[in-house]
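In what follows, a structure is listed as structure tokens, so that the remarks can point back to it.
Bear in mind these aren't lab numbers, they're just calculated from the coordinates by the rules spelled out. In this text the structure is predicted, and so the values were computed from the model without any measurement. So basically every Cβ, Gly included, is an ideal-geometry build from the backbone, and we count neighbours across all protein chains shown.
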Amino acid sequence: MRRVLVSWLVGFAVLIAAFIATITMLDNTVYSAHGFVSSYFDALNRHDAATARQLPGVRAPSGVSTDLLTDGALGTISHIRLVRDEAGAGGIHTVEFAYRLGARTETSTFSIVATTPFLGLFSRWSFARSPLATVAVSTPRDPRFRVNGNPEVSTVSHTASQPFVVFTPGLYTFDSKSTYLAATPVSVPVTEPASVTPVRVEAEANALFVSEVKKELAQYYVKCATQTVLLPTSCPFGKSFSNRVVSTPAWSMVSDPAVTIEPLGETGNWLVPQSTGEAHLVVKVQSLYDGKITSFDADVPFTVSYQITIASDDHLTIVAQ
């Protein structure tokens, strides 16, 4: 009986030792400060924004858009590895991870604080400083832009930048692509929690924009040429004479002004710079001096410039400067 009791006590002691060893191992890995940060990285890598946001200490600043704290806005993180996990005063750990964002190798440092243990046994943690950061996006030419392919619209003026909260770390590619405009992609690595990174998305006129403006202006010039007067109403060309006109003026287009499109400062409007075209006029003119009738049959040059506004539905408004 005594031998059985001793065996039982030895087995129980082994079980307790194994239990303590298991708790210690879990506390040093899964339930460690770096294990907590690793779970955050895992959520980001799975494009699971909801889980990442629910981790203790993940707080967004008030008054800043959280539109980019979504699965679709998250990029790809690879080659994630722990660099250090150092305990400090007040139960705060400094945890540093290295990783790759695209072709770039980066590191991020997080402040992690211990909280009430789970069941009194397993360590629990929280971000002492939120791992979120801010990108300040300026869109001087078009409020529409994309982040990692996800469409967004700035709600501030063309001269201001709008802040958006993002997860760190992350590689965020900004561009724009609409009916008439496109911006060259700009890739921005955000690695430091609580940082503010300025981003500028500069849209440019695309080929369709130029061709549509050319087409509208060509139709406008042709319509002007149908007016049988010397000075067609609301048109860029015309001709006056000091002598008497004795036939109906006949206009035709020789060459349209060249069309290029450039931004008009940071107003969100667009400019067709000054360019010269030629219309042709045929009309008979009688001299007031001797009554002689001559035929005016010549090209009439004219110079134009236009301002263009793109409405939210992509309707173009073209106004002569």
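Across the stretch 219-233, in residue order, what do the Karplus-derived ³J(HN,Hα) couplings come to in whole Hz, using 6.51 cos²θ - 1.76 cosθ + 1.60 with θ = phi - 60° and x for Gly and Pro?
Karplus-based 3J(HN,Hα) across the stretch 219-233 equals 5, 5, 5, 4, 5, 4, 5, 7, 6, 9, 9, 5, 10, x, 5 Hz.
Sort 34-41, 256-263, 229-236 for me by packing, meaning the mean count of neighbouring Cβ atoms within 10 Å per residue, highest on top.
Numbers: 34-41: 20.4, 256-263: 16.4, 229-236: 14.0.
Descending mean neighbour count gives 34-41, 256-263, 229-236.
Taking the stretch 31-204 on its own, what percent of its Cα-Cα pair distances exceed 23 Å? Please report the intermediate quantities before stating the final value.
Numbers: 6279 of 15051 pairs.
Of the Cα pairs, 42 percent sit more than 23 Å apart.
Arrange the peptides 129-142, 87-100 so that the one whose residues have, on average, the most other Cβ atoms within 10 Å appears first.
Details: 129-142: 21.5, 87-100: 15.2.
Taking the mean over residues of other Cβ atoms within 10 Å, the ranking is 129-142, 87-100.
When DSSP beta bridges are limited to those with both residues in the chain, what percentage is antiparallel, rounded to the nearest 5?
About 90 percent, rounded to the nearest 5.
Could you work out how far helix 2-28 tilts from the main Cα principal axis of the chain, as a 0 to 90 degree angle to the nearest 10?
Approximately 20 degrees, to the nearest 10.
What is the ratio of the Cα radius of gyration of the stretch 198-256 to 2.2 N^0.38 Å, where N is its residue count, to two decimals? List each step's numbers first, then the result.
Working: Rg = 18.1 Å, N = 59, 2.2 N^0.38 = 10.4 Å.
Taking N as the residue count of the stretch 198-256, the ratio is 1.74.
How large is the helix-only mean residue ellipticity at 222 nm for the chain, computed as the sum of -39500 (n - 2.57) over DSSP H runs with n ≥ 4, divided by its residue count, in deg cm²/dmol to the nearest 500? Don't jump to the answer; show the numbers that get you there.
Details: 4 runs with 65 residues, N = 321.
Calculated mean residue ellipticity at 222 nm is -6500 deg cm²/dmol.
List the residues whose amide H sits under 5 Å from the amide H of residue 306, counting only those 5 or more places along or on another chain, with H placed 1.01 Å from N in the peptide plane.
Those lying under 5 Å, H to H, from residue 306 are 272, 321.
What residue among 274, 307, 286 has the largest mean-square fluctuation in a Gaussian network model of the chain, using Cα springs under 10 Å?
Result: 286 has the largest fluctuation of those listed.
Ordered by residue, what ³J(HN,Hα) values in Hz, to whole numbers, does the stretch 126-132 give under the Karplus form 6.51 cos²θ - 1.76 cosθ + 1.60, where θ = phi - 60° and Gly and Pro are x?
After applying 6.51 cos²θ - 1.76 cosθ + 1.60, I find 8, 5, 6, 10, 4, x, 7 Hz.
Quick one: angle between helix 33-45 and the longest Cα principal axis of the chain, in degrees between 0 and 90, rounded to 10, please.
30
Would you please classify the overall shape of the stretch 152-195 from the alpha carbon gyration tensor, given that a ≥ b ≥ c denote the square roots of the eigenvalues, rounded means a/c under 1.5, and beyond that prolate means a/b larger than b/c while oblate covers the rest? Can you show the working numbers first?
Details: a/c = 2.87, a/b = 1.49, b/c = 1.93.
Judged from the Cα gyration tensor, the stretch 152-195 comes out oblate (a/c at least 1.5, b/c at or above a/b).
Among (1) 27, 25, 20; (2) 76, 15, 13; (3) 33, 22, 19, only one was calculated for this model; which label is it, if the read-out is semi-axes √(5λ) of the Cα gyration tensor in Å?
The value computed from this structure is option (2).
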